[in-house]
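Below: one structure, written as structure tokens.
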Amino acid sequence: MSAEQTRTPDEERLQAELRELAQEIAGSLSAVDAASGRELLSDFVSELFFCVTEQQRREDRRQKQAQGIAAAKARGVRFGRTARPVPDNFDQLHQAWREGRISLKQAAESCGMARGTFYNAALRRERQAESPAV
């Protein structure tokens, strides 16, 4: 099987676009003298090569970064800010909020937290309660 037969539809479309671009460039280069045309074409090929090399470098960097993050996570490294400790009265206020005795806003204010922070801390506690550590 040749390379032509194993191309995907996207590769076929890209190949057609490249052919069309090459014909357009060749037509434009015919309007200038041969020496200038060769120089312009050389500059274009150099720029194209640079762009492809730069794209490959970015992809390599992303892959190495992803591997490093995966390795760090496997070692147990945690990313992001550490959660601030919840106040001592959090559990009682969380219970009162879930039972509907107080509003989320009241519970959060009593803990000295923003509503979103209180809510997220409550969800973390509930998840911990559902799946105790082994």
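Would you call Lys105 open to solvent by 90 Å² or more (accessible area, probe 1.4 Å), in contact with a helix residue (DSSP H, G or I) (Cβ under 8 Å, 6 or more places away or on another chain), in a helix (DSSP H, G or I) and not acidic (Asp, Glu)? Step through it out loud before you land on a result.
Details: open to solvent by 90 Å² or more (accessible area, probe 1.4 Å): yes; in contact with a helix residue (DSSP H, G or I) (Cβ under 8 Å, 6 or more places away or on another chain): yes; in a helix (DSSP H, G or I): yes; not acidic (Asp, Glu): yes.
For Lys105, the condition - open to solvent by 90 Å² or more (accessible area, probe 1.4 Å), in contact with a helix residue (DSSP H, G or I) (Cβ under 8 Å, 6 or more places away or on another chain), in a helix (DSSP H, G or I) and not acidic (Asp, Glu) - is met.
Quick check on the stretch 24-36: of everything there that is assigned to a helix (DSSP H, G or I) and surrounded by 10 or more Cβ atoms within 10 Å (Cβ to Cβ), which residue is farthest from the chain's Cα centre (by Cα)? Give the steps one after another, and end with the answer.
Of all residues in the stretch 24-36, those assigned to a helix (DSSP H, G or I) come to 24-29, 34-36.
Now drop any that are not surrounded by 10 or more Cβ atoms within 10 Å (Cβ to Cβ), which leaves 24-26, 28-29, 36.
Values: Glu24: 36, Ile25: 36, Ala26: 39, Ser28: 40, Leu29: 41, Ser36: 43 Å.
Among them, the one singled out is Ser36.
Of all the residues that make up the stretch 111-134, how many are in a loop (DSSP other than H, G, I, E, B) and either open to solvent by 50 Å² or more (accessible area, probe 1.4 Å) or modelled with pLDDT of 95 or more (or both)? Reasoning before the result, please.
The first filter runs over the stretch 111-134 and keeps only residues in a loop (DSSP other than H, G, I, E, B), leaving 112-114, 131-134.
Those still in the list that are either open to solvent by 50 Å² or more (accessible area, probe 1.4 Å) or modelled with pLDDT of 95 or more (or both) too: 112, 114, 131-134.
Residues flagged as in a loop (DSSP other than H, G, I, E, B) and either open to solvent by 50 Å² or more (accessible area, probe 1.4 Å) or modelled with pLDDT of 95 or more (or both) within the stretch 111-134 amount to 6.
Consider the stretch 43-88. How many of its residues are more than 16 Å from the chain's Cα centre (by Cα), within 30 Å of Ala122 (Cβ to Cβ) and among the aromatic types (Phe, Trp, Tyr)?
0
Restricting to the stretch 56-97, and then to whatever is part of a loop (DSSP other than H, G, I, E, B) and among the basic types (Lys, Arg), can you tell me which residue is nearest to Cys111 (Cα to Cα)?
Kept after step one, since they are part of a loop (DSSP other than H, G, I, E, B), are these residues of the stretch 56-97: 75-89.
Imposing the further condition that a residue be among the basic types (Lys, Arg) reduces the set to 75, 78, 81, 84.
Numbers: Arg75: 34, Arg78: 26, Arg81: 20, Arg84: 12 Å.
Result: Arg84.
When you scan the stretch 37-45, do you find a residue that is assigned to a loop (DSSP other than H, G, I, E, B), open to solvent by less than 90 Å² (accessible area, probe 1.4 Å) and not acidic (Asp, Glu), even just one? Reasoning before the result, please.
Our first condition is that a residue be assigned to a loop (DSSP other than H, G, I, E, B); within the stretch 37-45, this holds for none.
No, because not a single residue in the stretch 37-45 is assigned to a loop (DSSP other than H, G, I, E, B), open to solvent by less than 90 Å² (accessible area, probe 1.4 Å) and not acidic (Asp, Glu).
The values are calculated or read from the model by the stated rules, or taken from the named source; none is laboratory data. Predicted model only: the values in this text are computed from it and were never measured. Cβ atoms come from the backbone with ideal geometry, glycine included; neighbour counts cover every protein chain shown. All accessible areas refer to the heavy atoms of the entire protein, side chains included, with ligands and DNA or RNA removed. Shrake-Rupley method; radii C 1.70, N 1.55, O 1.52, S 1.80 Å.
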